[in-house]
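Presented below is the structure to which this report refers.
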(Lines give C-alpha, C1' and ligand atoms only; values in the text may rest on other atoms or scores of the structure.)
Protein backbone atom coordinates (compact mmCIF):
# COMPACT_ATOMS: atom_id res chain seq x y z
CA UNK A 1 0.00 0.00 0.00
CA UNK A 2 1.31 3.49 -0.84
CA UNK A 3 1.84 5.96 1.97
CA UNK A 4 2.16 9.75 1.95
CA UNK A 5 5.05 10.72 4.23
CA UNK A 6 5.07 13.88 6.30
CA UNK A 7 6.63 16.91 4.65
CA UNK A 8 10.33 17.18 5.43
CA UNK A 9 9.74 20.67 6.84
CA UNK A 10 8.66 19.72 10.36
CA UNK A 11 6.67 22.14 12.49
CA UNK A 12 8.66 24.07 15.11
CA UNK A 13 6.55 22.64 17.94
CA UNK A 14 7.78 19.09 17.21
CA UNK A 15 10.91 19.82 19.25
CA UNK A 16 8.75 19.69 22.39
CA UNK A 17 7.82 16.57 24.35
CA UNK A 18 5.04 14.38 22.93
CA UNK A 19 2.71 14.45 25.94
CA UNK A 20 0.56 11.74 24.32
CA UNK A 21 3.36 9.18 24.28
CA UNK A 22 2.42 5.83 25.82
CA UNK A 23 5.93 5.65 27.28
CA UNK A 24 5.00 8.58 29.54
CA UNK A 25 1.86 6.77 30.72
CA UNK A 26 -0.72 8.34 28.40
CA UNK A 27 -3.82 6.19 27.86
CA UNK A 28 -7.48 6.37 26.89
CA UNK A 29 -9.83 6.07 29.87
CA UNK A 30 -13.01 6.10 27.77
CA UNK A 31 -13.88 5.57 24.12
CA UNK A 32 -17.26 5.47 22.41
CA UNK A 33 -16.15 2.73 20.03
CA UNK A 34 -12.92 1.06 18.92
CA UNK A 35 -14.32 -1.97 17.17
CA UNK A 36 -11.77 -2.22 14.39
CA UNK A 37 -8.61 -0.94 16.09
CA UNK A 38 -7.88 -0.43 19.80
CA UNK A 39 -7.76 3.23 20.78
CA UNK A 40 -4.45 3.10 22.70
CA UNK A 41 -2.55 2.26 19.53
CA UNK A 42 -2.74 6.01 18.79
CA UNK A 43 -0.17 6.68 21.51
CA UNK A 44 2.56 4.29 20.41
CA UNK A 45 5.85 6.13 19.87
CA UNK A 46 6.80 4.59 16.54
CA UNK A 47 5.45 5.50 13.13
CA UNK A 48 2.28 3.68 12.09
CA UNK A 49 2.81 0.55 10.01
CA UNK A 50 0.82 -1.27 7.34
CA UNK A 51 0.43 -5.06 7.55
CA UNK A 52 -0.58 -6.39 4.18
CA UNK A 53 -3.23 -9.11 4.34
CA UNK A 54 -3.48 -9.18 8.16
CA UNK A 55 -6.99 -9.51 9.57
CA UNK A 56 -8.39 -10.18 13.04
CA UNK A 57 -11.88 -11.24 14.18
CA UNK A 58 -13.31 -7.77 13.52
CA UNK A 59 -11.74 -7.04 10.14
CA UNK A 60 -8.55 -5.58 8.66
CA UNK A 61 -5.85 -4.98 11.27
CA UNK A 62 -5.00 -1.28 11.41
CA UNK A 63 -2.30 0.49 13.37
CA UNK A 64 -4.29 3.17 15.15
CA UNK A 65 -7.78 3.82 16.51
CA UNK A 66 -10.69 2.88 14.25
CA UNK A 67 -14.38 2.89 15.12
CA UNK A 68 -17.27 1.22 13.33
CA UNK A 69 -19.32 2.92 10.62
CA UNK A 70 -21.82 5.04 12.54
CA UNK A 71 -25.49 4.30 11.78
CA UNK A 72 -27.02 6.84 14.17
CA UNK A 73 -26.66 10.47 15.21
CA UNK A 74 -23.55 11.67 16.98
CA UNK A 75 -19.83 11.12 16.64
CA UNK A 76 -17.05 9.11 18.21
CA UNK A 77 -14.61 10.38 20.80
CA UNK A 78 -12.02 9.28 23.31
CA UNK A 79 -11.16 10.76 26.71
CA UNK A 80 -7.40 10.63 27.21
CA UNK A 81 -5.42 10.86 30.44
CA UNK A 82 -2.02 12.37 29.73
CA UNK A 83 0.90 10.63 31.41
CA UNK A 84 2.15 14.05 32.46
CA UNK A 85 0.22 17.32 32.65
CA UNK A 86 1.45 19.95 30.24
CA UNK A 87 1.02 23.07 28.17
CA UNK A 88 0.26 22.18 24.56
CA UNK A 89 2.20 23.81 21.74
CA UNK A 90 0.97 21.80 18.75
CA UNK A 91 -0.69 18.65 17.42
CA UNK A 92 -0.12 16.06 14.75
CA UNK A 93 -3.29 14.20 13.77
CA UNK A 94 -1.88 11.38 11.68
CA UNK A 95 -4.14 9.32 9.39
CA UNK A 96 -1.35 7.22 7.88
CA UNK A 97 -2.72 4.22 5.94
CA UNK A 98 -6.34 5.23 6.58
CA UNK A 99 -7.75 6.02 3.13
CA UNK A 100 -11.41 5.10 2.67
CA UNK A 101 -11.96 4.99 6.42
CA UNK A 102 -10.55 8.22 7.87
CA UNK A 103 -12.75 10.84 9.64
CA UNK A 104 -13.61 13.90 7.53
CA UNK A 105 -12.86 16.14 10.52
CA UNK A 106 -11.70 16.18 14.14
CA UNK A 107 -11.45 18.52 17.13
CA UNK A 108 -9.74 18.52 20.51
CA UNK A 109 -10.90 19.67 23.95
CA UNK A 110 -8.93 19.72 27.20
CA UNK A 111 -9.43 20.00 30.94
CA UNK A 112 -7.30 20.19 34.07
CA UNK A 113 -8.05 17.91 37.01
CA UNK A 114 -6.05 18.43 40.18
CA UNK A 115 -7.06 14.99 41.42
CA UNK A 116 -8.34 11.98 39.52
CA UNK A 117 -10.19 11.91 36.22
CA UNK A 118 -12.90 14.18 34.78
CA UNK A 119 -16.46 13.95 36.06
CA UNK A 120 -19.77 15.17 34.66
CA UNK A 121 -19.09 18.55 36.26
CA UNK A 122 -15.60 18.97 34.78
CA UNK A 123 -15.14 21.99 32.51
CA UNK A 124 -13.83 21.25 29.02
CA UNK A 125 -12.16 23.88 26.83
CA UNK A 126 -11.90 23.68 23.06
CA UNK A 127 -8.26 24.10 22.08
CA UNK A 128 -8.63 22.98 18.45
CA UNK A 129 -11.93 23.67 16.65
CA UNK A 130 -13.07 21.12 14.08
CA UNK A 131 -10.51 20.85 11.28
CA UNK A 132 -10.72 18.95 8.00
CA UNK A 133 -8.74 15.74 7.63
CA UNK A 134 -7.38 13.91 4.62
CA UNK A 135 -6.52 10.27 4.26
CA UNK A 136 -3.00 8.93 4.76
CA UNK A 137 -1.67 12.32 5.89
CA UNK A 138 -0.18 14.26 8.79
CA UNK A 139 -2.18 17.28 9.97
CA UNK A 140 -0.02 19.73 11.95
CA UNK A 141 -1.71 22.43 14.04
CA UNK A 142 -0.07 25.02 16.29
CA UNK A 143 -1.82 25.67 19.62
CA UNK A 144 -1.53 29.10 21.26
CA UNK A 145 -2.64 28.43 24.83
CA UNK A 146 -0.55 28.77 27.99
CA UNK A 147 -2.80 26.74 30.32
CA UNK A 148 -1.70 23.28 31.54
CA UNK A 149 -3.96 20.28 30.91
CA UNK A 150 -4.23 16.78 32.37
CA UNK A 151 -6.90 15.26 30.08
CA UNK A 152 -7.99 15.53 26.44
CA UNK A 153 -11.21 14.72 24.61
CA UNK A 154 -10.42 13.82 21.02
CA UNK A 155 -13.47 14.01 18.77
CA UNK A 156 -13.74 12.50 15.28
CA UNK A 157 -16.71 13.33 13.05
CA UNK A 158 -18.60 11.10 12.61
CA UNK A 159 -16.41 7.97 12.78
CA UNK A 160 -13.34 6.37 11.23
CA UNK A 161 -9.66 5.82 11.92
CA UNK A 162 -6.65 7.82 13.13
CA UNK A 163 -3.19 6.24 13.21
CA UNK A 164 -1.47 8.51 15.73
CA UNK A 165 -2.33 11.50 17.89
CA UNK A 166 0.78 13.37 18.93
CA UNK A 167 0.42 16.24 21.39
CA UNK A 168 3.58 18.31 21.65
CA UNK A 169 4.11 20.53 24.65
CA UNK A 170 5.95 21.33 27.87
CA UNK A 171 5.32 19.10 30.90
CA UNK A 172 3.86 20.98 33.85
CA UNK A 173 4.90 20.49 37.46
CA UNK A 174 4.09 22.51 40.56
CA UNK A 175 7.64 23.14 41.71
CA UNK A 176 6.46 25.07 44.79
CA UNK A 177 5.87 21.74 46.51
CA UNK A 178 9.32 20.33 45.71
CA UNK A 179 11.63 19.60 48.66
CA UNK A 180 14.76 21.65 47.99
CA UNK A 181 16.95 18.95 49.56
CA UNK A 182 15.59 16.04 47.47
CA UNK A 183 17.70 14.66 44.64
CA UNK A 184 15.63 14.65 41.43
CA UNK A 185 16.33 14.05 37.74
CA UNK A 186 16.00 17.62 36.49
CA UNK A 187 16.42 16.56 32.86
CA UNK A 188 13.63 13.96 32.84
CA UNK A 189 10.80 14.59 30.39
CA UNK A 190 8.33 13.90 33.20
CA UNK A 191 9.91 16.79 35.14
CA UNK A 192 9.79 19.21 32.22
CA UNK A 193 13.21 18.58 30.70
CA UNK A 194 13.40 18.88 26.93
CA UNK A 195 15.96 18.48 24.18
CA UNK A 196 16.33 21.75 22.26
CA UNK A 197 18.80 21.07 19.47
CA UNK A 198 21.40 18.60 18.30
CA UNK A 199 24.02 18.20 15.61
CA UNK A 200 22.33 15.16 14.07
CA UNK A 201 19.56 12.64 14.86
CA UNK A 202 19.72 10.39 11.83
CA UNK A 203 18.87 7.12 13.59
CA UNK A 204 17.09 8.19 16.79
CA UNK A 205 15.40 11.35 18.11
CA UNK A 206 17.22 13.49 20.64
CA UNK A 207 14.16 13.67 22.92
CA UNK A 208 14.39 9.92 23.57
CA UNK A 209 17.29 10.37 26.00
CA UNK A 210 14.93 12.06 28.49
CA UNK A 211 12.25 9.34 28.47
CA UNK A 212 11.36 7.35 31.61
CA UNK A 213 12.92 3.98 32.39
CA UNK A 214 15.76 2.45 30.39
CA UNK A 215 15.59 2.23 26.61
CA UNK A 216 13.65 -0.59 24.97
CA UNK A 217 16.07 -0.91 22.03
CA UNK A 218 18.47 1.16 19.92
CA UNK A 219 15.54 2.98 18.36
CA UNK A 220 14.54 4.26 21.80
CA UNK A 221 17.62 6.45 22.10
CA UNK A 222 19.52 9.21 20.32
CA UNK A 223 21.89 8.04 17.58
CA UNK A 224 23.74 10.11 15.03
CA UNK A 225 24.96 9.15 11.57
CA UNK A 226 28.57 8.03 11.19
CA UNK A 227 30.70 11.18 11.19
CA UNK A 228 32.91 11.53 8.10
CA UNK A 229 34.18 15.04 8.85
CA UNK A 230 36.18 16.58 11.75
CA UNK A 231 34.35 17.48 14.94
CA UNK A 232 31.88 15.76 17.23
CA UNK A 233 28.14 15.41 17.81
CA UNK A 234 26.16 17.09 20.59
CA UNK A 235 22.71 17.68 22.05
CA UNK A 236 21.43 20.61 24.16
CA UNK A 237 18.95 19.93 26.98
CA UNK A 238 16.90 22.45 28.98
CA UNK A 239 16.27 21.36 32.56
CA UNK A 240 12.73 21.28 33.89
CA UNK A 241 13.82 23.66 36.67
CA UNK A 242 17.06 25.41 37.60
CA UNK A 243 19.18 23.32 39.92
CA UNK A 244 22.59 22.17 41.10
CA UNK A 245 23.69 18.88 39.54
CA UNK A 246 25.31 16.31 41.82
CA UNK A 247 25.26 13.19 39.67
CA UNK A 248 25.16 12.47 35.93
CA UNK A 249 24.15 9.16 34.34
CA UNK A 250 25.00 8.48 30.70
CA UNK A 251 23.42 5.20 29.57
CA UNK A 252 24.58 3.44 26.39
CA UNK A 253 22.16 0.51 26.77
CA UNK A 254 21.73 -1.41 23.45
CA UNK A 255 24.54 0.56 21.81
CA UNK A 256 27.38 -1.91 21.29
CA UNK A 257 29.20 -1.38 18.00
CA UNK A 258 28.02 2.21 17.80
CA UNK A 259 28.42 3.85 21.23
CA UNK A 260 30.47 7.06 21.58
CA UNK A 261 34.12 6.68 22.56
CA UNK A 262 33.94 9.51 25.11
CA UNK A 263 31.58 12.21 26.31
CA UNK A 264 31.69 15.55 28.13
CA UNK A 265 29.06 18.00 29.39
CA UNK A 266 29.00 21.79 29.37
CA UNK A 267 26.42 23.78 31.35
CA UNK A 268 25.15 27.28 32.09
CA UNK A 269 22.45 29.28 33.81
CA UNK A 270 20.68 30.89 30.84
CA UNK A 271 18.37 33.89 31.12
CA UNK A 272 16.25 34.73 28.11
CA UNK A 273 17.14 34.15 24.49
CA UNK A 274 15.64 31.89 21.86
CA UNK A 275 16.52 28.24 21.38
CA UNK A 276 18.57 29.21 18.32
CA UNK A 277 20.58 31.75 20.35
CA UNK A 278 21.17 29.17 23.07
CA UNK A 279 22.69 26.85 20.48
CA UNK A 280 25.35 29.45 19.69
CA UNK A 281 25.92 30.35 23.36
CA UNK A 282 26.54 26.70 24.23
CA UNK A 283 29.94 26.80 22.55
CA UNK A 284 31.23 28.89 25.45
CA UNK A 285 29.53 27.23 28.42
CA UNK A 286 31.55 26.01 31.40
CA UNK A 287 32.60 22.40 31.74
CA UNK A 288 30.37 20.43 34.11
CA UNK A 289 31.79 17.01 33.24
CA UNK A 290 35.30 16.72 31.76
CA UNK A 291 35.78 14.13 28.98
CA UNK A 292 35.01 10.61 30.20
CA UNK A 293 35.55 7.23 28.55
CA UNK A 294 32.37 5.33 27.70
CA UNK A 295 31.72 1.62 27.31
CA UNK A 296 29.10 -0.23 25.32
CA UNK A 297 25.68 -1.24 26.63
CA UNK A 298 25.90 0.10 30.19
CA UNK A 299 25.10 2.94 32.60
CA UNK A 300 27.94 5.28 33.50
CA UNK A 301 27.62 7.17 36.81
CA UNK A 302 29.61 10.37 37.30
CA UNK A 303 29.62 12.30 40.58
CA UNK A 304 33.15 12.95 41.85
CA UNK A 305 34.16 13.93 38.31
CA UNK A 306 31.71 16.87 38.21
CA UNK A 307 32.85 20.45 38.51
CA UNK A 308 30.93 22.65 40.97
CA UNK A 309 29.14 25.22 38.83
CA UNK A 310 26.25 26.13 41.11
CA UNK A 311 22.71 26.47 39.68
CA UNK A 312 22.28 25.75 35.96
CA UNK A 313 19.36 25.65 33.52
CA UNK A 314 20.87 24.04 30.40
CA UNK A 315 23.45 21.43 29.49
CA UNK A 316 25.21 20.41 26.29
CA UNK A 317 26.15 16.72 26.06
CA UNK A 318 29.08 16.25 23.71
CA UNK A 319 29.82 12.80 22.30
CA UNK A 320 33.10 11.98 20.54
CA UNK A 321 33.07 11.53 17.68
CA UNK A 322 29.52 10.19 17.11
CA UNK A 323 27.25 7.28 18.05
CA UNK A 324 24.29 6.49 20.24
CA UNK A 325 23.15 7.30 23.79
CA UNK A 326 20.08 5.70 25.32
CA UNK A 327 19.44 7.98 28.33
CA UNK A 328 20.85 11.07 30.05
CA UNK A 329 20.03 11.64 33.73
CA UNK A 330 20.98 14.80 35.62
CA UNK A 331 20.31 14.38 39.33
CA UNK A 332 20.37 17.43 41.58
CA UNK A 333 18.45 19.77 43.84
CA UNK A 334 16.20 22.61 42.71
CA UNK A 335 17.35 26.22 42.97
CA UNK A 336 15.25 29.40 42.92
CA UNK A 337 13.98 30.06 39.38
CA UNK A 338 14.78 33.77 39.74
CA UNK A 339 18.45 33.26 40.57
CA UNK A 340 20.60 36.36 40.09
CA UNK A 341 23.22 34.26 38.37
CA UNK A 342 24.01 35.35 34.80
CA UNK A 343 24.46 33.09 31.80
CA UNK A 344 28.04 31.88 31.48
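Only strands (runs of 3 or more DSSP E) whose full extent lies in region 76-179 are considered here, and the ones with at least 1 residues that are closer than 22 Å to residue 46 by Cα and touching a helix residue (DSSP H, G or I) at 6+ places or on another chain (Cβ under 7 Å) are 76-94, 138-142, 164-171. Within region 243-258, being in contact (Cβ under 8 Å) with a residue 60 or more places away in the chain and outside any strand (DSSP E or B) holds for 252, 253, 254, 255, 258. Among the listed residues 249, 237, identify the single one that is under 19 Å from residue 89 (Cβ atoms) and modelled with pLDDT of 95 or more. Exactly one residue qualifies, and that residue is 237. I'm checking my understanding of the structure. Among residues of region 180-206 that are touching a strand residue (DSSP E or B) at 6+ places or on another chain (Cβ under 6 Å) and part of a strand (DSSP E or B), which one is surrounded by the fewest Cβ atoms within 10 Å (Cβ to Cβ)? If we take residues in region 180-206 being touching a strand residue (DSSP E or B) at 6+ places or on another chain (Cβ under 6 Å) and part of a strand (DSSP E or B), then 197 is surrounded by the fewest Cβ atoms within 10 Å (Cβ to Cβ). Can you work out which of the residues in region 4-25 that are more than 21 Å from residue 212 (Cα to Cα) and in a loop (DSSP other than H, G, I, E, B) is modelled with the lowest pLDDT? Looking at residues that are more than 21 Å from residue 212 (Cα to Cα) and in a loop (DSSP other than H, G, I, E, B), I get 8.
In this entry, residue 180 passes the filter for residues that are more than 23 Å from the chain's Cα centre (by Cα) and outside the structural domain of residue 80 (by TED's automatic domain parsing). Taken together, the residues in region 163-175 that are more than 23 Å from residue 12 (Cβ to Cβ) and either buried (at least 20 other Cβ atoms within 10 Å of the Cβ) or without any contact (Cβ under 8 Å) to a residue 24 or more places away in the chain (or both) amount to 1. Restricting region 38-47 to residues that are at pLDDT 95 or above and not in a helix (DSSP H, G or I), the residue that is surrounded by the fewest Cβ atoms within 10 Å (Cβ to Cβ) is 38.
Just one of the listed residues (271, 256) is out of contact with any helix residue (DSSP H, G or I) (no Cβ under 6 Å at 6 or more places or on another chain) and within 19 Å of residue 321 (Cα to Cα), and it is 256. Screening residue 34 against (1) under 14 Å from residue 165 (Cβ atoms); (2) out of contact with any helix residue (DSSP H, G or I) (no Cβ under 8 Å at 6 or more places or on another chain); (3) in a strand (DSSP E or B) leaves a single unmet condition, (3). Annotation: of all residues in region 51-69 being in contact with a strand residue (DSSP E or B) (Cβ under 7 Å, 6 or more places away or on another chain) and either assigned to a loop (DSSP other than H, G, I, E, B) or not assigned by TED's automatic domain parsing to the domain that holds residue 31 (or both), the one that is farthest from residue 165 (Cα to Cα) is 61.
Which of the residues belonging to region 207-217 are at pLDDT below 95, out of contact with any helix residue (DSSP H, G or I) (no Cβ under 6 Å at 6 or more places or on another chain) and outside any loop (DSSP other than H, G, I, E, B)? 207 - this is the single residue of region 207-217 that is at pLDDT below 95, out of contact with any helix residue (DSSP H, G or I) (no Cβ under 6 Å at 6 or more places or on another chain) and outside any loop (DSSP other than H, G, I, E, B).
The values are calculated or read from the model by the stated rules, or taken from the named source; none is laboratory data. Predicted, not measured: the structure shown is a model, and the values here were computed from it. No Cβ is skipped: glycine too gets one built from the backbone with ideal geometry, and neighbour counts run over all protein chains shown.
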